[in-house]
Structures are given as C-alpha cells and as structure tokens.
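Before any comments, here is the structure.
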Amino acid sequence: MTAQPQHGLPLVPGAAGKGFTYFIRRHPVPAYYALTFVISWGLMAAVIGVAPAPMAVALSLGPLGPAAASIILTSFLDGKAGLRELVARLRRWRVGARWYALALLTAPLVMASTAVAVAVVFPGFYGGVSTAAELVIVVLAGIAVGLIVGMLEELGWTGFALPRLRRRHGVVSTALIMAVLWGAWHYPMFANSTDPSGAIPNALIVAVFLFGWLPAYRVLMVWLYDRTGCLPLAMLMHAPLSAGAFINSFMAASGNASGIAILVPSLSWGAAFWVVAAVVLLTERRHPRETT
C-alpha cells in the first residue's frame with residue numbers, strides 16, 4: 001500500500017537513476033538535515049572567520065539554514081507545485097483558540113515562573129536594568145528575535161522535515177528524532193558557554209543547554225502540529241521560546257550567574273516541558289488525532 005501524504009503535502013516521486021540525486025529523492029529527510037547543518041554552521045563559521053564578527057552576528061545567521069534548505073529541497077523534489085503547496089500551508093491559520101493558547105502561553109509561563117524562582121533562590125543571578133524603558137527594549141528585542149527565528153526555523157523543521165518523517169514514523173518517534181537533531185543543531189550557539197567560577201565543566205554546561213530543555217519543547221511542537229496541521233502555529237509556538245531564551249541570556253549576562261545556578265534555568269525548563277509533554281503524549285495514546 002502506498003503511503004499517504006500528511007496534511008496535503010505531495011509525495012516525493014521515484015527516482016530512475018542512481019547517485020546523488022537518487023539518494024536525495026530516496027532519503028529527503030537525511031538530505032535536509034545534512035544541508036541545514038552545512039548551511040547554518042557554514043555561515044556562522046565563515047562570518048566569524050572573515051571578520052572576525054561578534055558571535056551575536058554570526059549566530060543570527062543560523063536560522064537561515066533550516067529555511068534555505070527547505071526551499072532548496074522542496075524546489076528540487078517537488079518543483080513549483082511543491083513551493084506553491086508550502087506557501088499555501090503558510091496561509092492556513094484557522095485552528096481552535098485552545099491551540100493558540102497552548103502555543104503562545106506554554107513557554108512564557110514556564111520561563112517566567114522559573115525566572116522568578118531563580119531570582120529568589122540565587123539573588124543577583126539576573127542583573128538589573130537601569131530604567132523601565134531599558135527593560136521594555138530588552139523585551140521587545142526578544143519578541144522580535146523570537147518571531148524571526150520562529151518563522152525561519154519552522155519553515156524547515158515543521159515545513160519540510162516533520163511531514164516527511166510522519167510518513168514513516170509515529171508521532172512519538174518523529175518527535176524524538178527531531179528533538180535530538182534540533183538540540184544538536186544548536187551546538188554553535190552554546191559551544192562557548194562557560195562557568196565564571198570554573199566549578200562546572202564546560203562540556204556539562206553545553207550538554208545541558210543543548211539537551212536539557214530543547215528536546216522536550218520540540219516534542220510538544222511536533223504533537224501540536226500533528227493535531228492541527230498548522231504551520232503558522234508552529235512558528236508562533238517557537239517564537240516565545242526563543243524570545244524567552246534571549247531575554248534570560250541577556251539578564252543573566254548582566255548578573256553574577258555562576259556555579260550550579262547557571263544550569264538551573266535550563267534544567268527547570270526541561271523538567272516542566274517534559275511533564276507537559278508526558279501529559280499530552282498520554283492523551284495522544286488515548287485519543288486519536290482529530291481533524292481540525
């Protein structure tokens with residue numbers, strides 16, 4: 001029996017020849033991730049090597065990789081019809097209000113409550129801002145970063161990789177595959193993370209930053225898309241996570257975070273997101289995916 005496309009995405013046609021083209025057509029998801037890593041990490045390395053540019057400038061190029069790889073491979077595999085379908089999916093906004101609430105509130109509620117707890121338990125972890133206007137600027141910058149990052153990354157992760165993985169895997173397997181690869185893709189963003197006190201090994205800090213919280217949130221994002229088929233909703237769900245991480249990193253950098261306190265926000269986010277993910281995945285087992 002021929003596999004059916006997910007959410008109207010066209011099936012990849014068979015390839016008659018061998019070689020590089022044949023491999024891409026037979027294995028579009030591995031090809032997508034390979035191309036994404038090459039573009040993202042390559043751009044960041046090139047910019048740092050040429051300028052050398054500030055790390056923030058280099059890291060801002062990372063999200064271009066998932067988007068560029070999605071457009072390139074969609075065009076290669078499915079031509080203009082595939083690109084039109086991708087654009088059409090970007091226009092599908094109509095889903096229930098509860099899905100928007102879940103997408104937009106999960107990350108802010110978890111990250112804000114964690115920030116309050118960290119500030120109480122570890123006084124001075126977050127540096128203060130001199131004026132209310134400065135705080136507003138930081139928050140608005142975080143929101144802008146979140147929206148841009150969410151749109152670019154999810155054009156690839158959810159726009160290309162997720163539907164194709166779902167043809168062969170269940171929602172849990174798809175979520176876990178994407179979760180691990182998404183965490184690994186962030187390596188350059190956290191590779192230089194260190195503990196000023198030297199108490200925590202750099203490798204442990206990087207590992208926690210990559211896999212302590214990102215995979216759990218990706219599981220939630222995969223489940224949400226599987227239930228709604230809404231690509232813009234996935235972009236919106238990504239936005240507050242990136243915004244929260246940006247604001248947290250800015251405030252922590254201006255404080256005196258060191259030692260085990262450095263790991264507390266990421267570990268707390270991960271614990272909360274995994275609890276939510278466990279709840280929704282148990283629900284998934286009891287209730288088949290509904291059509292929205």
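The values are calculated or read from the model by the stated rules, or taken from the named source; none is laboratory data. Keep in mind that this is a model prediction, so the values were computed, not measured. So basically every Cβ, Gly included, is an ideal-geometry build from the backbone, and we count neighbours across all protein chains shown. Only protein heavy atoms, including side chains, enter the accessible area calculation; ligands, DNA and RNA are left aside. Shrake-Rupley method; radii C 1.70, N 1.55, O 1.52, S 1.80 Å.
Among residues of region 266-291 that are open to solvent by 90 Å² or more (accessible area, probe 1.4 Å), those with a Cβ under 7 angstrom from a residue that is modelled with pLDDT under 95 and not acidic (Asp, Glu), sequence gap 6+ or separate chain, pair up as Trp274/Ala216; Arg289/Arg227. I'd like the full set of residues that are of a type in the set (A, V, I, L, M) and either touching a helix residue (DSSP H, G or I) at 6+ places or on another chain (Cβ under 9 Å) or surrounded by 11 or more Cβ atoms within 10 Å (Cβ to Cβ) (or both), limited to region 125-144. Within region 125-144, Val129, Leu135, Val136, Ile137, Val138, Val139, Leu140, Ala141, Ile143, Ala144 meet the criteria.
Restricting attention to region 209-228, and to residues there that are open to solvent by 10 Å² or more (accessible area, probe 1.4 Å) and touching a residue at least 60 places away in the same chain (Cβ under 8 Å), which single residue is farthest from Leu140 (Cα to Cα)? Here the residue is Arg227. So which residues in region 167-176 are without any contact (Cβ under 8 Å) to a residue 40 or more places away in the chain and either touching a helix residue (DSSP H, G or I) at 6+ places or on another chain (Cβ under 6 Å) or part of a loop (DSSP other than H, G, I, E, B) (or both), if there are any at all? His169, Gly170 - these are the residues of region 167-176 that are without any contact (Cβ under 8 Å) to a residue 40 or more places away in the chain and either touching a helix residue (DSSP H, G or I) at 6+ places or on another chain (Cβ under 6 Å) or part of a loop (DSSP other than H, G, I, E, B) (or both).
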